[in-house]
Amino acid sequence: MPAHRLPDSVYLTACDLIANGALIADACVLAGCGVDALREWGRGGSVNAGAYARARLASAEALEAEALAIASVATAETYQADRLRVDTLKWAAAKRHPRVYGDSVKHEHTGSIVGELHLAALQAPRSVAALLIKEAPRLASGEPDTT
């Protein structure tokens, strides 16, 4: 029996709260369910998983809006505290929707492989393929190897 025994409406309420930027724990308290039960419900089926995943992605947008609001009213006196809040919101948004809000990592190859490969290594696959083509009729007929 699944751990979540509450009606789907309770979990959907929690998902709505999460989508509007509430912390998962706070959303669960307000909706009347447990965090583990919500996560279990979110793994329970494609509809449930979709609702939970959409809520997490939407919550990143809510966190972005909150960060922008904090930054727009920052003053010289509140700068450091506001910066900490904005950085925390950016981190949380990146965790919830890494493709949009995460750091992009680019991998570049700067070395050259031209001088490092041996000609024999490049020719080996061709030699093996030619040998297989040449020997294919003999192998198919089951004749013994005479070499």
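The values are calculated or read from the model by the stated rules, or taken from the named source; none is laboratory data. None of the values given here were measured: they were computed from a predicted structure. Counting neighbours? That spans all protein chains shown, and the Cβs are built from the backbone with ideal geometry, glycine included.
Scanning segment 12-23 for residues that are among the aliphatic types (A, V, I, L, M), assigned to a helix (DSSP H, G or I) and surrounded by fewer than 19 Cβ atoms within 10 Å (Cβ to Cβ) yields a total of 1. Pairs meeting the criteria (first residue in segment 28-57 and small (Gly, Ala, Ser), second residue in a loop (DSSP other than H, G, I, E, B), beta carbons under 6 Å, at least 6 apart or on different chains) are ALA37/ALA3; ALA37/HIS4. Entry remark, segment 24-45: residues being farther than 21 Å from GLU66 by Cα and surrounded by 20 or more Cβ atoms within 10 Å (Cβ to Cβ) number 5 in total. Scan ALA65, ALA60, ALA74 and give me the residue that is of a type in the set (A, V, I, L, M) and crowded, with 17+ Cβ neighbours inside 10 Å. Just one listed residue meets the conditions, ALA60. Taking (1) in a helix (DSSP H, G or I); (2) in contact with an Asp or Glu (Cβ under 7 Å, 6 or more places away or on another chain) in turn, SER9 satisfies each apart from (2). Counting only residues that are closer than 24 Å to ARG99 by Cα and part of a loop (DSSP other than H, G, I, E, B), which one in segment 24-59 is modelled with the highest pLDDT? The extreme case among them is ARG43.
Where residues in segment 6-27 are over 25 Å from the mean Cα position of the chain (by Cα) and without any contact (Cβ under 8 Å) to a residue 12 or more places away in the chain, which of them is nearest to ALA62 (Cα to Cα)?
Looking at residues that are over 25 Å from the mean Cα position of the chain (by Cα) and without any contact (Cβ under 8 Å) to a residue 12 or more places away in the chain, I get SER9.
Picking from residues in segment 69-126 that are touching a helix residue (DSSP H, G or I) at 6+ places or on another chain (Cβ under 6 Å) and part of a loop (DSSP other than H, G, I, E, B), the one that is modelled with the highest pLDDT is ALA74.
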